[in-house]
Amino acid sequence: MIDYRADGTPIEILLVEDNPGDVRLTLEALKESKVHNNISVVKDGEEALAFLRQQDRFANSPRPDIVLLDLNLPKLNGVEVLTEIKSDPNLKRIPVVILTTSKDEEDILKTYNYHANCYVTKPVDFDKFLLVVKSIEDFWLNIVKLPHK
Amino acid sequence: MKDTAKKRLTIGLITDWAEDPYHSTLRTGIADAAEKNDVNLICFVTGRINPDADSYEAQQNILFDFVNKKNVDGLIIISGSVGHWIGARELNEHFQRYKSMPMVSIALPIAGTSSVLVDNVKGIRDLLVHLIKDHGYRKLAFIKGPEQNLEAEQRFLVYREVLEDYKISFDPRLIVQGDFLTKTGAAAVRVLLDERNMTPEAIIAANDEMACGAIMELKRRGITVPQKMAVAGFDNMEMDNFTFPTLTTVQQPLYKQAMLSVDLLMGQIQNNSETQNLLLPTELVIRESCGCLSMQQDKTERNPEAPAKTDLPGLVKTGMDEFSRQLLDSMDSFIDYEKSSIGEQWAEILIQAFFTDLSDRKANRFTNALNEIIYKTINSMSSPTFWHEMINRIRSIVYDHISDADFLTRAENLLHQARTMICEITRRNEIFKKLEMSTEASRLRNLGEELLERIEIDPLLDEVAKELPRIGVKSSYLSMYKNPESPLENSKLILAFNEDGRLDIDLNKNIFPSKNLFPDSSEFKKRRFTAIVETLFYGKQPLGLAIFEMASRNWKIYEALRFVMINSLRSSLLLKQLQDQANRLEEEVKARTKDLTKINTKLEREIRERKRTEEDLTRSNADLEQFAYIASHDLQEPLRMVSSYVQLLERRLKNSLDKDSGEFMDFIVDGAKRMQTMISDLLTYSRVTTNQKQFISTDCNQLLEKVVTNIQTMVAETKAKITYSCPITVNADPSQLTQIFQNLIANAVKFHSEKEPRVEIKGEDKNGEWIFSVKDNGIGIDEKFKNKIFVMFQRLHTRNEYPGTGIGLAICKKIIERHKGRIWIDSKPGKGSTFYFTIPKTQEKQNDRLQS
């Protein structure tokens, strides 16, 4: 496992996902990742913001290096969470990767309007999902899949 | 009406409504006799039999059918006038229809019926003898009556006989055909004098009217009557006294004829008397036109049978009774004329007064008595002839009995006074009559005007009910035939009135059999009546019957009334007809409008329903699309779980799995992947409308360039050659248009045959729309699948042959429909296909309500 950090600390990843299947799948995929990472999982948009702002029970949470944000979330949805993040001066620099089942370009555009850093469609094929995780690694290596068009 | 014990008898009179004195006198006589006998009288104004089909008489003839045993017990027929146009045989035939009824004919004999005829022979013989013997005329012209008229024919025969008797040769040039009318008398003079150059000494006409016509024509020519040419007539009508000169004629005993006919009829009805044929003598009435000056006629020739002359005392001694009997006898042919009103004592009273005055100069009894008698009779007196004749008779008697010059002078004076008085009374009476007539005329005119003002039928009838009693109609019943096509069936009473005004008509009882003439409820049944039945008609359309109860003996008004009634009713009926028509039309329009309104309402409802359905449909479509979108979106989630975890499992157990398990897992993954593709396609399909964009001006060549770039990989793989020529700019959703081309071109390339795929795309302006074609040289499709290919997930091939879900064309179709265009295919298997689609040039602004 490659440690990208000079200090050797793992990359802090926040996964905002309400679907336990996807959570597990993401965790499994990340397990196979070469990048040393530490994943925190929250189940909805409110928790995500609380985590990011280190409020309440998340007071001792680490500041994530990257946020994997599902669009379909209970309470606050992904777009709302993204809006909050990108309008918060303390948070707006955290890269956000949108995870969604929808290929809808409209969604992509909307997301980009809110300054999402990356957009990733959750594939049906696990192999492809691994590629997604790989692409997150790539992102980390500054290769970002931008929406076409 | 068999129950004669309880019911009053009714006699019928069949007459033509000629307004001449001949008819008036006969009708008055019959009406008087009916009154005397206490029987009802109904006058049927039938007109003359067999008239010109176009004349109104043809309409009046209908009344012959209304005469029956139900309404009359016996009939009097003035056959001389109703049989005017027909011969004896036809007359007999015509009246066969009433043969079961007692009948009396006046003037002409009818086979099997009683008759009261006038001895034409005696009267005309006396006249001719007078002209030949007394005046010495030899050239006697004769104006004949109507050819078929029996009386006229008879008069002519007598003429020939008398000529023969006096050995005067018959000259046909002196005979002229006339028809009883005044104008034919004048025409006859023209024929005689102008055409035939004849100069007769005397003209004898078969009736008075023609004689008057002849006198007028002669006067016009400056030929004085009787100095240059004598004229004589036949009938003795009222006007004869007022012609200049007064007309010498033959008097028919009309009143007596009328009275006798009623007597005969009553005998037959009540006592079943045998039929009788009575012949009444006619009397020569000598006036001025023959050459005699009758008023001053000096009876030079003494009656050879008269007793020797005596002086007044002797005359008185011979006895009043005998003298008055002599006067009565000599006045026999006139006597019944006034009998009913002055009684039989009149002659005795008059002679008594005359002799008293002769012996006592200051008594003045005669003129007073005469005055009293005349005034008693004045109202029923239709001719002053009677009194003038009476004076003449008295004078004759006086001259026969008195030789004393003194007494003669005194008698002459008395008679002169009487004549003067008669003339004066007559004159006054004439003036009075004229006044009365003009009053009646003006009343009639007023009535006509009043009626004309009321064109609505009901106010018209109100007016009739108000006005008619004023002009001598006591009561009246007006009824209309229910069915003018068969007048004899039923009639509907529309008006009934008496002196008290209009009677309420019981609507339940106002329909009655036409042949009854009036409803059973009629007031006529309650009292004796004299009525006239007139037919109402206009043109050839029978309308109904009018029955007038007569109060006045001025017969003229009834005929005038009929015309007034017909005219008013006609306009009212026309109006009613028009109104009915208008109403019918209005109702029709109403009905149509109602229908239309109904249809409209239905249509509106349908439109509303359709709109609602459309809205519902649109909504449900939108819902459905939204649902499809969400469903396919959410469906992906579990699908991803299945395939991802199977793959994860496969990955982790790679080495410990047997061959079968690996294959099974592959099937699971493959199925999930296919399903995901389909869901994804479904999403695309639903997005055609859920995620639509505005139409914008789109350059097609530019667009195609991009499309070709997009599918570059595929093109390269298949070595396809794609050419395009779309130098047009259309109004469309560019991304969707891109999708169409992409799908069509992809298909064209995909379904290639062994040949290298060639795809040719064209776009042009044709018939007001943009038409695009994508032509390939591929495998083509069978005719029967042409429509199927546009259905979602419809595939003609297995996935192994050609991959794909079969959504491409369905999406194309949906996009084109959104653009209001059409898509179709022209293809032959093995020869390639050409897909066509159109986009209208003028795109309506798209409704974006479906945009989510």
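The values are calculated or read from the model by the stated rules, or taken from the named source; none is laboratory data. Fair warning: this is a prediction, and the values are worked out from it, not measured in the lab. When we count neighbours, we look across all protein chains shown, and the Cβ atoms used for this are built from the backbone with ideal geometry, even at glycine. Each accessible area value is taken on the protein alone, full model and side chains, heavy atoms only, with ligands, DNA and RNA left out. Shrake-Rupley method; radii C 1.70, N 1.55, O 1.52, S 1.80 Å.
Specify whether the C-alpha gyration tensor of region B:782-842 places it in the rounded, prolate or oblate class, a ≥ b ≥ c being the square roots of the eigenvalues: rounded for a/c under 1.5, otherwise prolate if a/b is larger than b/c and oblate if not.
oblate
Could you order B:Lys526, B:Lys786 by accessible surface area, starting with the largest, using a probe radius of 1.4 Å?
Most to least solvent-accessible, the answer reads B:Lys526, B:Lys786.
Could you compute how much accessible surface B:Tyr645 exposes when probed at 1.4 Å, giving the result in Å² to the nearest 10?
Answer for B:Tyr645: close to 70 Å² accessible.
Do any GluC sites (Glu not before Pro) in region B:173-251 lie in a loop, going by DSSP, with at most 12 other beta-carbon atoms within 10 Å of their beta carbon, and if so which?
Passing sites in region B:173-251 do not exist.
In percent, how large is the relative contact order of chain B, given Cα pairs closer than 8 Å and 6 or more residues apart?
Relative contact order here is 8 percent.
Report the charge-dipole magnitude of the protein assembly as shown in Debye, nearest 20, computed about the Cα centre from +1 at each Lys and Arg Cβ and -1 at each Asp and Glu Cβ.
Dipole magnitude for the protein assembly as shown comes out near 2260 debye.
Where the Cα atoms of chain B are projected onto their three principal axes, how long is each span, largest first, in whole Å?
191, 65, 48
How tilted is helix B:332-342 with respect to the longest principal axis of chain B? Cα atoms for both, answer in degrees (0 to 90, nearest 10).
With rounding to tens, the tilt is 70 degrees.
Give the peptides B:416-426, B:657-667 in descending order of average Cβ contacts within 10 Å, highest first.
B:416-426, B:657-667
What FRET efficiency do you get for B:Gln794 and B:Asn508 if R0 is 60 Å and r is their Cβ-Cβ distance, rounded to the nearest 0.05?
So the FRET efficiency works out to roughly 0.15.
Dipole of region B:693-840, Cα-centred, from +1 at each Lys and Arg C-beta and -1 at each Asp and Glu C-beta, to the nearest 20 debye?
The dipole magnitude comes to about 380 debye.
Set Lys and Arg Cβ to +1 and Asp and Glu Cβ to -1, take the dipole of chain B about its Cα centre, and tell me which of B:Thr677, B:Thr246, B:Cys423 lies farthest positive.
Ranked along the dipole, the leading option is B:Thr677.
For chain B, take the longest principal axis of its alpha carbons; what is the angle in degrees between that and the long axis of helix B:21-36, to the nearest 10 within 0 to 90?
90
What number, in nm² with one decimal, is the all-direction average of the projected area of the convex hull of the alpha-carbon atoms of region B:454-554?
The orientation-averaged projected area of the Cα hull of region B:454-554 comes to 6.8 nm².
So if we plug the beta-carbon distance of B:Asp54 and B:Lys219 into 1/(1 + (r/R0)^6) with R0 = 22 Å, what FRET efficiency do we get, rounded to 0.05?
Approximately 0.05, to the nearest 0.05.
Highest mean first, how do B:270-280, B:389-399 rank when packing is the count of other Cβ atoms within 10 Å averaged over residues?
B:389-399, B:270-280
Largest first, what is the accessible-area ranking of B:Met216, B:Met210, B:Met714 with a 1.4 Å probe?
Solvent-accessible surface, decreasing: B:Met216, B:Met714, B:Met210.
So, taking all protein chains as they sit and a 1.4 Å probe, how much accessible area belongs to B:Arg610, in Å² rounded to tens?
Accessible surface of B:Arg610 is approximately 150 Å².
Please compute, for peptide B:637-645, the average count of beta-carbon atoms on other protein chains lying within 10 Å of each residue's beta-carbon.
What the average comes to for B:637-645 is 6.
Roughly what would the spin-label model give for B:Gln577 and B:Thr275, points 7 Å off Cα along C-beta, in nm?
Placing both labels 7 Å beyond Cα along the Cβ direction yields 4.3 nm.
Contour minus end-to-end for B:Thr709 and B:Lys831, with contour as 0.36 nm per residue of separation and end-to-end as the Cα-Cα distance?
41.2 nm
Sorted from largest down, what three extents in whole angstroms do the Cα atoms of the protein assembly as shown have along their principal axes?
199, 68, 52
For region B:600-663, just list the percent of Cα-Cα distances falling in each 10 Å bin from zero outward, please.
With 10 Å bins starting at 0, P(r) equals 18, 21, 16, 14, 12, 10, 7, 3.
Report, as a whole number in µm² per second, the diffusion coefficient that Stokes-Einstein gives for region B:1-130 at 25 °C and 0.890 mPa s using the Kirkwood radius over alpha carbon pairs.
The calculation lands on 156 µm²/s.
For region B:461-563, what's the relative contact order in percent, using C-alpha pairs closer than 8 Å and at least 6 residues apart?
Across region B:461-563, relative contact order equals 29 percent.
Tell me the total accessible area that B and A bury against each other, 1.4 angstrom probe, in square angstrom rounded to 100.
Accessible area lost upon association: around 1800 Å².
With no other cysteine's Cβ closer than 4.7 Å, which Cys residues of chain B count as lacking a disulfide-compatible partner?
Lone cysteines by the Cβ rule: B:Cys43, B:Cys212, B:Cys290, B:Cys292, B:Cys423, B:Cys812.
Rolling a 1.4 angstrom probe over the protein chains, ignoring ligands and nucleic acids, what is the accessible area of B:Asp520 in square angstrom, nearest 10?
Answer for B:Asp520: close to 110 Å² accessible.
Kindly express, to the nearest 10 degrees and within the range 0 to 90, the angle between helix B:405-453's C-alpha long axis and the longest C-alpha principal axis of chain B.
Tilt of helix B:405-453: around 0 degrees.
What nm distance separates the two modelled labels at A:Asp88 and B:Glu663, each placed 7 Å from Cα along Cα→Cβ?
Inter-label distance under the simple model: 5.4 nm.
Please identify the GluC sites (Glu not before Pro) of region B:747-847 that satisfy two criteria: DSSP loop assignment and at most 13 other Cβ atoms within 10 Å. Which are they?
B:Glu754, B:Glu801, B:Glu844
Please report the net charge: other residues with Cβ closer than 12 Å to the Cβ of B:Ala187, K and R +1, D and E -1.
Here the count lands on -2.
How would B:Ser522, B:Ser169 rank on accessible area, largest to smallest, probe 1.4 Å?
Highest to lowest solvent-accessible surface, that is B:Ser169, B:Ser522.
Over region B:635-675, give the accessible area per residue in Å² for a 1.4 Å probe, as an integer.
63
Using just the helices of chain B, give the 222 nm mean residue ellipticity in deg cm²/dmol: DSSP H runs with n ≥ 4 each add -39,500 (n - 2.57), and the total is spread over all residues, rounded to 500.
Value at 222 nm, helices only, nearest 500: -16000 deg cm²/dmol.
Among B:117-129, A:74-86, B:586-598, what's the highest-first ranking by average C-beta atoms within 10 angstrom per residue?
Packing order, densest peptide first, comes out as B:117-129, A:74-86, B:586-598.
Percent of accessible area on region B:645-768 owned by carbon and sulfur, 1.4 Å probe?
Ligands and nucleic acids excluded, carbon and sulfur give 51 percent.
What whole-number distance in Å separates the alpha-carbon centres of region B:437-510 and region B:58-117?
29
How large is the direction-averaged shadow of the alpha-carbon convex hull of region B:693-840, in nm²?
That works out to 8.3 nm².
Pull up all non-local amide H partners of B:Ala230: gap of 5 or more, or a different chain, and H-to-H distance under 5 Å with H placed in the peptide plane.
Amide H neighbours of B:Ala230: B:Ala202, B:Ile203.
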